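Please read the structure below before turning to the comments.
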Amino acid sequence: MPSERKSLLYFLSMYIFLVIIILLLVSALYYNFRKDLMFTQIRPKLAENAKDVIYRIKEMHQSLGADLHYPRFSGFKSAIYDADRVKIFSLLEEEDIRFDKVIYKTGDKIRFIKEPDAYYLGTKYLIIEVLDDERWLRETVRDILTFGGLFLIFTAFLGFFLAKLFIKPMRESFLLLDNFIKDTTHELNTPISAILANIETIDKNEINEKLAKKIHRIEIAARTISNIYQDMSYLLLNKKTVSNIERFDLKELLLQRISYFKILAQSKRVDFVLNIYEEVYIKADRKKMAKLIDNLISNAIKYNKIGGKIYITLKPRLMIIKDTGIGIPKDKINEIFKRYKRFNESEGGFGLGLNIVYMIAKEFGITIEIDSKPDKGTEVRLKW
Amino acid sequence: MVRLLITAIILVSFSKGGDIYHQNCVNCHKIYGPSLKKLFFDYLLVYSSERRVKKALFEYMKNPDPKKSLMPKEYIRQNGVKKPSKLSDEALKKAIDSYWNRYKVIGKIK
């Protein structure tokens, strides 16, 4: 059920995206909160330091330049800048000051900027710098990790239940559809077999020509239904059938399948043009290969013009089936292997055929190439 | 001849900023004006940066305004403000530069 998985994936990625956004947002908020808390806690101490420095530079100023010994304290570093943000004196190692802030963190240092009441020695900005022991940061990271982890576990559980809730109705409708198809398929088998068996028992020589024509048409129709039936049962039971791989001559099988479709082709006056080499071997399951060929030939007939041709080529490691039909629009070529996809809505059928072709080809390592020109025809090349 | 020599010396020395400062500002302040050192630190206290101090000085010298004076009010009431400087803009700027270099603290703090 690929579409089910697709919408589940979609749901999950949305969910994970949202959870991550929320987590990041809350973490950022919490980080900023802790940082501001740390700032408010350390600020009085820094203001005290600033006061000491200002007291000293006021003394220096009042000495009128006689005493110019800048104060050095052990717990912090400081610098003074003038109104044009030109350095007057600095003990700092890095001198990129953010003058628009009152308190900020740079690297592992905290800086506090104080403006004295008068410009002693020209000082408009006094910068106090202390080393941040970053205990608050470690605590913050620890908190974010533990609570974020708990939150993640919680949301994972929640997401699991939500996802279950989300796909439940979808799964139910899929199951319903699958069961319906299964039941219908089984019910179809008996009547179709009965019709085909009965037609075979009719002696064509005993009846008049008009009736024979009608019965011929009935046979074609019944075979078409039978093909569809086989496709459906193949798809439904596919998982259970084990391949019986053997090396065999594909030529034999191909000719046999072509002759099986002769009646159907004649009904549309479609001719086969064959170019078949001797002894072309392949390692695969014979029944499945028959199914693959059936589907390709039946498509070539179905989508062909009245009176068209089907060219079939078989060479070592290459089989080409080419029709002179309506073709497939370029933008649809990639889609046609999907189940229930028909590249022409006006034709009947369930669109299961190409999906089966694709599955079988994949199983035996056969690559499929499709060339198609609208109104010219379609060429399917199988290589192995 | 002697007079010519003296004027020549004065002319040459006038072209040097340091000497304009000494001959003009210092000479007068020694006799009539308040301490230039004290005034410098007053200007620093109010105008902070080199650019702003120099600008304020230049404007005051060109056009002494009692409202802008940093001298005590009592002093201005008694003595009035000084006369506008007779120096050319260029010479005045040079004198102010020398004044700044004489007393600036940037580069002198230890």
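Laboratory data are not the source of any read-out in this text; all were calculated from the coordinates shown. Predicted model, so just to flag it, every value in this text is computed and none were measured. Note that we place each Cβ from the backbone using ideal geometry, even for glycine, and neighbour counts take in every protein chain shown.
Cα axis of helix A:2-62 to longest principal axis of chain A: angle in degrees, 0 to 90, nearest 10?
10
Averaged over A:51-61, how many beta carbons belonging to a partner chain fall within 10 Å of each residue's beta carbon?
Per residue, the average neighbour count from other chains is 1.
Within 10 Å of each Cβ in peptide A:72-84, how many partner chain Cβ atoms are there on average? Round it to a whole number, please.
2
Average partner chain C-beta neighbours within 10 Å, per residue of B:45-57?
5
For a protection proxy built on the mean count of beta-carbon atoms within 10 angstrom, sort A:191-202, A:225-236, A:366-377 highest first, please.
The packing order, highest mean first, is A:225-236, A:366-377, A:191-202.
Just rank A:S27, A:S243, A:S74, fewest to most, by other beta-carbon atoms within 10 angstrom.
So the ranking, lowest neighbour count to highest, is A:S74, A:S243, A:S27.
Quick one: B:S35, B:S69, fewest Cβ neighbours within 10 Å first, how do they rank?
B:S35, B:S69
What angle do you read, to the nearest 10 degrees and between 0 and 90, between the alpha-carbon axis of helix A:209-237 and the longest principal axis of chain A?
30
Rank A:L8, A:I218, A:A300 by how far each Cα sits towards the positive end of the charge dipole of the protein assembly as shown (+1 on Lys, Arg Cβ; -1 on Asp, Glu Cβ) and give me just the farthest.
A:L8
Take every Cα pair under 8 Å in the stretch A:263-332 that's 6+ residues apart, average their separations, divide by the length, and report that relative contact order as a whole percent.
With pairs under 8 Å counted, the relative contact order is 39 percent.
Taking 8 Å as the Cα distance limit and 6 or more residues as the minimum spacing, I'd like the relative contact order of the stretch B:17-103 as a percentage.
47
Based on Cβ point charges of +1 for Lys and Arg and -1 for Asp and Glu, what charge dipole magnitude is obtained for the stretch B:17-103 about its Cα centre, in debye rounded to the nearest 20?
Roughly 180 debye, rounded to the nearest 20.
Can you give me the Cα centroid spacing of the stretch A:264-291 and the stretch B:42-75 in angstrom?
108
For the protein assembly as shown, restrict the atom set to alpha-carbon positions and state the Rg and Dmax in Å.
Cα-based Rg and Dmax for the protein assembly as shown come out at 49.7, 160 Å.
Please figure out what share of the DSSP beta bridges in the protein assembly as shown is antiparallel and state it in percent, rounded to the nearest 5.
Restricted to the protein assembly as shown, the bridges split so that about 85 percent are antiparallel.
Which number do you get for Rg(Cα) / (2.2 N^0.38 Å) in the stretch A:242-383?
0.99
What angle do you read, to the nearest 10 degrees and between 0 and 90, between the alpha-carbon axis of helix A:250-267 and the longest principal axis of chain A?
Between the helix axis and the principal axis of chain A, the angle is about 70 degrees.
Which order do the peptides A:112-121, A:315-324 take when ranked by the mean count of other beta-carbon atoms within 10 Å per residue, highest first?
Final packing ranking: A:112-121, A:315-324.
When the label point is put 7 Å from the Cα of B:K38 along its Cα-to-beta-carbon vector, which residues of the stretch A:64-84 have a backbone N closer than 13 Å?
A:64
For the residues B:R51, A:R142, what sequence is obtained by ranking on other C-beta atoms within 10 Å, fewest first?
Ascending Cβ contact count within 10 Å gives the list A:R142, B:R51.
Hull surface divided by four, with the convex hull built on the Cα atoms of the stretch B:28-85: how many nm²?
3.9
What percent does the relative contact order of chain A come to when contacts are Cα pairs within less than 8 Å and at least six residues apart?
10
What's the FRET efficiency of B:H22 with A:A118 using the Cβ-Cβ distance as r and R₀ = 35 Å, to the nearest 0.05?
0.70
Once every Cα of the stretch A:2-133 carries one equal point scatterer and solvent is ignored, give the base-10 log of I(q)/I(0) from the Debye formula at q = 0.22 Å⁻¹, two decimals.
Each listed q corresponds, in turn, to -1.28.
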